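Notes to accompany the following structure.
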Amino acid sequence: MAPVALVHADPWLLAVDKPPGLLSQPGLGPQLRESLLGQVQRRWPTAQLVHRLDRDTSGLLVLALDPLSHRNLSLQFQQRRVRKAYLAEVQGEVRGCSGRIDAPLARLTARPPRYGVVPEGKAALTRWRLLARGPGWSRLLLQPRTGRSHQLRVHMAWLGHPILGDPLYGPGYPGRMRLHAWGLQLRHPHSGAPLRLRCAGHWGDR
């Protein structure tokens, strides 16, 4: 498994590039002990996750280095003041150049955790823009306006274009899940200045 790459570091926060297949934090049992948080804390013992990515999703993760920064950044995520952007490759050739998916989500099963579009679920909104198209696939920029669990994965499957390699919501596809957390825009917890973070995707076979 690829090591965690550093994207940004200062006395208050870190931004790292999480490789696919690595848990954001330790799970239950010895087989799930290795995680991004554990790797980072070997060098920065005070580091704490501000948000999480699914194990099979790669890309930007932010960690705070002190309690005040952690509280500030966590509130920004909770209050939806952080702009997020993901790169995804999906099954099929998506029609149109852009759109929005406004479909409420709820948990359907606990083990494994699986979510679906349910009328009485929690509000979930995703904007998308077409970046490229090929035979049987499309590359999209996805911008979630809410932060529901599995939101992008469920929304794309519901649209009829599941993310390639998704083990839960898509058909069998060789290789890793094609979902990468590419960009974050937030306020620095110490200075309050805008902080724009970018982390290019690295699928390597297109």
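The values are calculated or read from the model by the stated rules, or taken from the named source; none is laboratory data. Since we're looking at a predicted model, the values are computed, not measured. Here the Cβ positions follow ideal geometry from the backbone for every residue, glycine too, while neighbour counts run over all protein chains shown.
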Candidate set: region 111-126, residues that are free of Cβ contacts under 8 Å to residues at least 40 places away in the same chain, in contact with a Pro (Cβ under 8 Å, 6 or more places away or on another chain) and not polar (S, T, N, Q); chosen: the one surrounded by the most Cβ atoms within 10 Å (Cβ to Cβ): Ala124
Residue that is out of contact with any Phe, Trp or Tyr (no Cβ under 8 Å at 6 or more places or on another chain), basic (Lys, Arg) and at pLDDT 95 or above, where the choices are Arg71, Arg111, Arg107, Arg55: Arg71
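Among the residues of region 34-91, what is the count of those that are part of a strand (DSSP E or B) and within 13 Å of the chain's Cα centre (by Cα)?
At the first step, the residues of region 34-91 found to be part of a strand (DSSP E or B) are 35, 48-49, 58-64, 83-91.
If we keep only those that are within 13 Å of the chain's Cα centre (by Cα) as well, we get 58-62, 83-88.
Here the count works out to 11.
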Gly201 at pLDDT below 95 and out of contact with any strand residue (DSSP E or B) (no Cβ under 6 Å at 6 or more places or on another chain): no
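Quick check: anything in region 42-53 more than 23 Å from Arg145 (Cα to Cα) and in contact with a helix residue (DSSP H, G or I) (Cβ under 7 Å, 6 or more places away or on another chain)? Break it down stepwise before answering.
The first filter runs over region 42-53 and keeps only residues more than 23 Å from Arg145 (Cα to Cα), leaving 42-48.
Still in the list and also in contact with a helix residue (DSSP H, G or I) (Cβ under 7 Å, 6 or more places away or on another chain): 47-48.
Looking through region 42-53, at least one residue is more than 23 Å from Arg145 (Cα to Cα) and in contact with a helix residue (DSSP H, G or I) (Cβ under 7 Å, 6 or more places away or on another chain).
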Options Leu152, Leu105, Leu142, Leu130: the member that is touching a Cys at 6+ places or on another chain (Cβ under 7 Å) and in contact (Cβ under 8 Å) with a residue 12 or more places away in the chain: Leu130
Options Leu6, Leu75, Leu53, Leu13; residue that is out of contact with any Pro (no Cβ under 7 Å at 6 or more places or on another chain), touching a residue at least 12 places away in the same chain (Cβ under 8 Å) and aliphatic (A, V, I, L, M): Leu53
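If you take just the strands (runs of 3 or more DSSP E) that sit entirely in region 115-194, which of them hold at least 2 residues that are farther than 26 Å from Leu63 by Cβ, out of contact with any Gly (no Cβ under 8 Å at 6 or more places or on another chain) and at pLDDT 95 or above? Talk me through it step by step, then tell me what you get.
Values: elements: 125-134, 137-144, 179-187.
Hits in region 115-194: 125-134, 137-144.
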Test: residue in region 88-101 that is more than 20 Å from Arg198 (Cβ to Cβ), surrounded by fewer than 17 Cβ atoms within 10 Å (Cβ to Cβ) and free of Cβ contacts under 8 Å to residues at least 24 places away in the same chain: yes
Sole residue being exposed (fewer than 15 other Cβ atoms within 10 Å of the Cβ), of a type outside the set (Val, Ile, Thr) and farther than 19 Å from Ser149 by Cα, chosen from Leu65, Leu75, Leu108, Leu131: Leu131
